[in-house]
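The values are calculated or read from the model by the stated rules, or taken from the named source; none is laboratory data. Computed from a predicted model, the values in this text were never measured in an experiment. Glycine also receives a Cβ, built like all others from the backbone with ideal geometry; neighbour counts cover every protein chain displayed.
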């Protein structure tokens, strides 16, 4: 057996109204001049007003600054502009507020605030000391990416126009606030898409062959929570228990995929950069095809996933357990409005070569449950096109 490191260091504060505890935690972390990083769509929401209520005079009387220009799939310029504002304002901390895009941009901005001339495209080629990044508080307003507990940031690089995963332990938040009241405005379609992202994280991380039984247990419980809570949050947006369970499940998916992910994510990432699809939707449209591909080459892979979904599979053959589990996932996504083909979402056949090339260069398929070739990726795109 090889040496393996297990780490679960993030402090999480969970519950309705948890946002109101933010001032005390900022004081504990020594943050007096935070930069809030978010996206334009959030600024007019009740969730953002709840944040400003605790950051303003009625809260902790702190001076704070706003970068509210993060793109739906964050680009390198988002990171650079936020980092510049952090430096110029004398900021001593970052509050990343929103979905995965805002969280990823907020995490990465701390890197470039520390080293403004550092080329993100060469992140893994240059040695650098990141030990003195300003502290980060991550507050998700969607239940999907799990970025709030991750030590990575996914940014589309200017030089390549492709998504890159920046990974470093110092990217971790010092505090995560999971407040279901901040997610009740999320419309059903986005609730479904972000929830599908969390489900894909849990399924792919569980089946990833890396040895990490702690993450395996977390992934299975995350699946159980999602299967129960996501339909309720989808249909009844103000169900705080369902919203809260989805926030926890999304964070569990983010913790679990420190094992890594698989072929579905390699298919989904180019669909965002080249096709403009929401990442969760891209995962949902590719998940069933990816599961069928893996199950055909490794029967029984999804038996325990099916058990976490609530299926009784005790007497089934391995192939039957896989079939029933995949059919359940297919129905589950369809009931959330997440069925259909890529063509229906604007993906064109003439993009197939570029999609395949980017998917092949994406690292996620390297830890897939079974080996993947470039031809496999092309065939999977054709299947879901």
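Among residues of region 334-385 being in a loop (DSSP other than H, G, I, E, B), at pLDDT 95 or above and more than 23 Å from residue 191 (Cβ to Cβ), the one that is nearest to the chain's Cα centre (by Cα) is 368. Please go through (1) within 30 Å of residue 227 (Cβ to Cβ); (2) in a loop (DSSP other than H, G, I, E, B); (3) in contact with a strand residue (DSSP E or B) (Cβ under 6 Å, 6 or more places away or on another chain) for residue 145 and return the number of the only condition it doesn't satisfy. Going through (1) within 30 Å of residue 227 (Cβ to Cβ); (2) in a loop (DSSP other than H, G, I, E, B); (3) in contact with a strand residue (DSSP E or B) (Cβ under 6 Å, 6 or more places away or on another chain) one by one, residue 145 breaks only (3).
Tell me yes or no: at least one residue of region 266-279 is farther than 28 Å from residue 101 by Cβ and modelled with pLDDT of 95 or more. Taking every residue of region 266-279 in turn, none turns out to be farther than 28 Å from residue 101 by Cβ and modelled with pLDDT of 95 or more. Quick check: anything in region 314-324 at negative phi, under 24 Å from the mean Cα position of the chain (by Cα) and outside any helix (DSSP H, G or I)? No: zero hits.
In region 203-220 there is no residue that is more than 25 Å from residue 322 (Cα to Cα) and surrounded by fewer than 24 Cβ atoms within 10 Å (Cβ to Cβ). You will find that of 55, 22, the residue that is in contact (Cβ under 8 Å) with a residue 12 or more places away in the chain and over 23 Å from the mean Cα position of the chain (by Cα) is 55 and no other. Look at (1) at pLDDT 90 or above; (2) in a loop (DSSP other than H, G, I, E, B) and you find that residue 224 fails only one, number (2). Quick one: would you say residue 256 is more than 27 Å from residue 322 (Cβ to Cβ), crowded, with 24+ Cβ neighbours inside 10 Å, assigned by TED's automatic domain parsing to the domain that holds residue 295 and touching a helix residue (DSSP H, G or I) at 6+ places or on another chain (Cβ under 7 Å)? For residue 256, the condition - more than 27 Å from residue 322 (Cβ to Cβ), crowded, with 24+ Cβ neighbours inside 10 Å, assigned by TED's automatic domain parsing to the domain that holds residue 295 and touching a helix residue (DSSP H, G or I) at 6+ places or on another chain (Cβ under 7 Å) - is not met.
The condition (being surrounded by fewer than 21 Cβ atoms within 10 Å (Cβ to Cβ), touching a residue at least 12 places away in the same chain (Cβ under 8 Å), touching a helix residue (DSSP H, G or I) at 6+ places or on another chain (Cβ under 8 Å) and closer than 25 Å to residue 108 by Cβ) is satisfied by just one residue among 194, 183, 160, 200: 160. Residues that are in contact (Cβ under 8 Å) with a residue 12 or more places away in the chain, more than 20 Å from residue 202 (Cβ to Cβ) and surrounded by 21 or more Cβ atoms within 10 Å (Cβ to Cβ) do occur in region 333-350.
Among 198, 192, 159, which is the only one that is in a loop (DSSP other than H, G, I, E, B) and on the phi < 0 side of the Ramachandran plot? Only one candidate passes the filter, namely 159. Selection of region 261-277 for residues being more than 14 Å from residue 341 (Cα to Cα) and within 15 Å of the chain's Cα centre (by Cα) yields 261, 262, 264, 265, 266, 269, 272.
Among the residues of region 169-178, the ones that are out of contact with any strand residue (DSSP E or B) (no Cβ under 7 Å at 6 or more places or on another chain) and crowded, with 24+ Cβ neighbours inside 10 Å come to 0 in all. All conditions in (1) at pLDDT below 90; (2) assigned to a loop (DSSP other than H, G, I, E, B) hold for residue 164, with the sole exception of (2). Name every residue in region 8-19 that is loosely packed, with under 15 Cβ neighbours inside 10 Å and in a helix (DSSP H, G or I), in order of residue number. Within region 8-19, no residue meets the criteria.
Considering region 80-107, the residues that are out of contact with any strand residue (DSSP E or B) (no Cβ under 8 Å at 6 or more places or on another chain) and buried (at least 24 other Cβ atoms within 10 Å of the Cβ) include one that is modelled with the lowest pLDDT, namely 101.
Being under 21 Å from residue 10 (Cα atoms) and touching a strand residue (DSSP E or B) at 6+ places or on another chain (Cβ under 9 Å): is that true of residue 250 here? Here the answer is yes, as residue 250 does meet what is asked.
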